[in-house]
Every structure is written in C-alpha cells, then in structure tokens.
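**Q** If you scroll down you'll find the structure; I have some questions about it.
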Amino acid sequence: MNSNCTTMLTLSSSTALKTSMAFNLTIALIGFPLFGWSSLKLWTGAYTQNFHKNLRIIAQMHLTGFLLHCSGRIMLHSLDLYNYTFLNPCAMIPNIYRCFTLRLMYNFGMWVTMCTAVPLVLERTLATHLKGRYENKRIWYGILFASLHVFLAAAPLMIAYSNTKFDGVFMPYCNIYMPGHPEIANANSIIAITVQILARISFGCLFHVNKNLRSSMQRSSLSTRFQLEQNKNSMQCLKIYANTSTIFLLIQIPSFGWILNEKFRPEYYLALQELNCAFPSYGIITVFLVSRKIFSVHNQIHSSLESQMKLQGEITYFEHFNQQISTSKSS
C-alpha cells in the first residue's frame, strides 16, 4: 500500500473525523429546508411584506449563502462518509475537481453569510438618510447592494484560491486551509472580525438615530413617519442578527486561528476544523431568534394600534358629548 492509500486509511479509520462529519451533515440537513422556508416567508410572510424590498434582497442573499453552504457541505460529507465506509483506501482518494467545486460552494456560501453586515448597514443608512423618499422605490439600490455582497464574499476566496493547482495534486481531504500555513486565513479572519465589530457599532447607532427621529418628527408627513417607523422596526429585528453574528464570529474566528496554528494530527485537525465552521448551526439559531423577534414586534404594533383606536374612539365620544352640551346650553 503506497503512502497516499495509507493516509486515506488513517482518515477513514478516524472516529473523531467521521463523528464530526456526521454531526455537521445532520445539522446541514436540518438547516437546508429551514433556510428554504425562511426564504419563502421573507417574500410571502404577512409582516415581512412591511420590510423594504432592498432589505429583503440583502436578507435573501444571506439565506442563499446558507443554502449554498449547506448544499456543498451535504454533498461533501455524504460522499466522504460513504467512501470511508464502503471503499478501500486506494479507491477513496477525492477527485481534485470534485473538491474544488463542492468546497467552493461550501466556502462561498460561508463568506456570503459573513459579509452580510456591510450591505445591511449601507442599506439602512440610505433608508435613514432618505426617510420618506425611500419607501418601496429605488429598487436598483438593492441590486447594487446584492452585487457588492457577492464581490465582498468573492474577494477573500480569490486570494485563498489563487495558488490552487489541479495537475498531479494529492488532496486526501477536500480542504483549502492546511495546517502550518495560516497566513492567508489569518489575514482574512482579521479583516472579517474588524468589519463585523464596526458593523455592530453602526447597527447600534442607526437604531438610536431612527428611534430618536421617529420621536422628534411626529408632525412630519405620513410618508416620512411611515418610513421612520419601518426603519425602527426593521432595526429591532436586524439588531438580533447583528448581536448573534458578532458573538459567533468572535468565537469562531479566534478558535479557527488557534486550530490552524496548533500541531494536531491530520485527522484531528480536520475534525476540529469542521466543528469550528458551524455556520449551519449559527444560521438555525439566527433564523429562530429573528423570527421570534419579528413575531414580537408584530404583536407590539398590533397592540399599539388597538390602543390608539380605542383612545381615538374615546376622544371622539367625549368631543361629541361636549358638542351636545354646548347645543343644549345655547338653546
């Protein structure tokens, strides 16, 4: 048995690696239909219809990133687990083109989800600046933000894949970041975490700006007040995403750097790397928390509307009553 076959035997015999792949495969299988359902509700849900179309376009890009990541992950882990179980070591060596295609789906989807904060902040800043003139107009901005989203996700991958070779390459596991060479991964991680922290600060500022504007512009036009209320409600929901994303990346990125720089045996390194890249789990938690917040905001709006209608009804009654008294006195 040659050295390549021996390497594949080591990987396929690793309980840690197979357990890690099986766990992540299960989570991806749960996440994929959930992200599909979320995409459907984003465009057909009763309350999400109140979100600006540009905001929904960016949110759809975020969900598409999860769908793409889960698709690549499901195919990768399914094929590897099948090969490790049923093939002999020399026959289970991954095809380099299969690795490139599926791992690109895996990584591109991952980076799309990581870059969402930037177009979201820009879109909400634009909505705040334009106020009543924004509403459901200027949809071309959504296309522009979506294009920016794709570019931001593609940039780190172009750097990471720049030295990819296909001819005569032995790749025992479909992976782009190898231990002992963390330079590109560390640079990408530092940029990602810095941008995420800045985006989180911007989210907080935008939320308070919209809240204060909504309170100070009660006598503005109906269109402006509607847009400011929509901005405030949207920011309430997006703040949940911003908090979850920041916490996840502050845990995931430093631990990924630690895994890259430590000298683990290959099978343990790969098992830890897959567990560290827990984007389907993060996506499932985010969808649950944001959905719950949307439901909560919807109930708040409904309760507030009922209270206002009741109050307005009482005011109308007393005005009518006072008018009757005045009429009686004059007669």
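The values are calculated or read from the model by the stated rules, or taken from the named source; none is laboratory data. Predicted model only: the values in this text are computed from it and were never measured. All Cβ positions, even for glycine, are placed from backbone atoms using ideal geometry, and neighbour counts span all protein chains on display.
**Q** Any idea which of (1) in a helix (DSSP H, G or I); (2) under 28 Å from SER296 (Cβ atoms) is the one ALA46 doesn't satisfy?
**A** Every condition holds for ALA46 apart from (1).
**Q** Turning to a different aspect of this structure: Among the residues of the range 231-247, how many are modelled with pLDDT of 80 or more and in contact with a Ser or Thr (Cβ under 8 Å, 6 or more places away or on another chain)?
**A** 4
**Q** Hey, LEU126 hits all of (1) modelled with pLDDT of 80 or more; (2) in contact with a helix residue (DSSP H, G or I) (Cβ under 7 Å, 6 or more places away or on another chain); (3) closer than 28 Å to SER71 by Cβ but one; which does it fall short on?
**A** Every condition holds for LEU126 apart from (3).
**Q** Look at the range 260-277 and say how many of its residues are part of a helix (DSSP H, G or I) and without any contact (Cβ under 8 Å) to a residue 40 or more places away in the chain. I'd like the intermediate steps shown before the answer.
**A** Going through the range 260-277, the residues part of a helix (DSSP H, G or I) turn out to be 260-261, 266-276.
Keeping just the survivors that are without any contact (Cβ under 8 Å) to a residue 40 or more places away in the chain gives 276.
Residues in the range 260-277 being part of a helix (DSSP H, G or I) and without any contact (Cβ under 8 Å) to a residue 40 or more places away in the chain: 1 in total.
The rows are residues; the columns are (1) of a type in the set (Phe, Trp, Tyr); (2) modelled with pLDDT of 95 or more; (3) under 19 Å from ILE176 (Cα atoms).
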{"position": "PHE35", "(1), (2), (3)": "yes, yes, no"}
{"position": "GLY45", "(1), (2), (3)": "no, no, no"}
{"position": "ILE58", "(1), (2), (3)": "no, no, no"}
{"position": "SER78", "(1), (2), (3)": "no, yes, yes"}
{"position": "ILE93", "(1), (2), (3)": "no, no, yes"}
{"position": "THR101", "(1), (2), (3)": "no, no, yes"}
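**Q** Which ones in the range 85-120 are under 21 Å from THR19 (Cα atoms), among the aliphatic types (A, V, I, L, M) and under 24 Å from the mean Cα position of the chain (by Cα)?
**A** LEU102
**Q** Of all residues in the range 90-114, how many are in contact (Cβ under 8 Å) with a residue 24 or more places away in the chain and out of contact with any helix residue (DSSP H, G or I) (no Cβ under 9 Å at 6 or more places or on another chain)?
**A** Looking only at that region, the number is 3.
**Q** Follow-up question, since we're still on this one. For the structure I just gave you, tell me whether GLY31 is assigned to a helix (DSSP H, G or I), touching a Pro at 6+ places or on another chain (Cβ under 6 Å) and modelled with pLDDT of 95 or more.
**A** On the way: assigned to a helix (DSSP H, G or I): yes; touching a Pro at 6+ places or on another chain (Cβ under 6 Å): yes; modelled with pLDDT of 95 or more: yes.
Taking the combined requirement at face value, the residue satisfies it.
**Q** Within the range 74-120, how many residues are within 23 Å of TYR161 (Cβ to Cβ), of a type in the set (A, V, I, L, M, F, W, C) and part of a helix (DSSP H, G or I)?
**A** Total meeting the criteria: 17.
**Q** Restricting attention to the range 156-165, does a residue exist that is among the aliphatic types (A, V, I, L, M), in contact (Cβ under 8 Å) with a residue 40 or more places away in the chain and surrounded by 13 or more Cβ atoms within 10 Å (Cβ to Cβ)?
**A** Within the range 156-165, the first condition is being among the aliphatic types (A, V, I, L, M), and the residues that meet it are 157-160.
Checking which are in contact (Cβ under 8 Å) with a residue 40 or more places away in the chain leaves us with 157, 160.
Filter once more, so that each one left must be surrounded by 13 or more Cβ atoms within 10 Å (Cβ to Cβ): 157, 160.
Yes, because at least one residue in the range 156-165 is among the aliphatic types (A, V, I, L, M), in contact (Cβ under 8 Å) with a residue 40 or more places away in the chain and surrounded by 13 or more Cβ atoms within 10 Å (Cβ to Cβ).
**Q** Under 27 Å from the mean Cα position of the chain (by Cα) and modelled with pLDDT under 85: which single residue out of LEU198, LEU228 fits that description?
**A** Numbers: LEU198 fails: modelled with pLDDT under 85.
One residue alone meets the criteria, LEU228.
**Q** Determine whether the range 73-93 contains at least one residue that is within 20 Å of HIS149 (Cα to Cα) and surrounded by fewer than 17 Cβ atoms within 10 Å (Cβ to Cβ). Can you show your working first?
**A** Keep residues of the range 73-93 that are within 20 Å of HIS149 (Cα to Cα), which gives none.
No.
**Q** Please work out which one of (1) closer than 19 Å to GLY283 by Cα; (2) touching a residue at least 40 places away in the same chain (Cβ under 8 Å) is the condition MET75 fails and give its number.
**A** With respect to (1) closer than 19 Å to GLY283 by Cα; (2) touching a residue at least 40 places away in the same chain (Cβ under 8 Å), MET75 is out only on (2).
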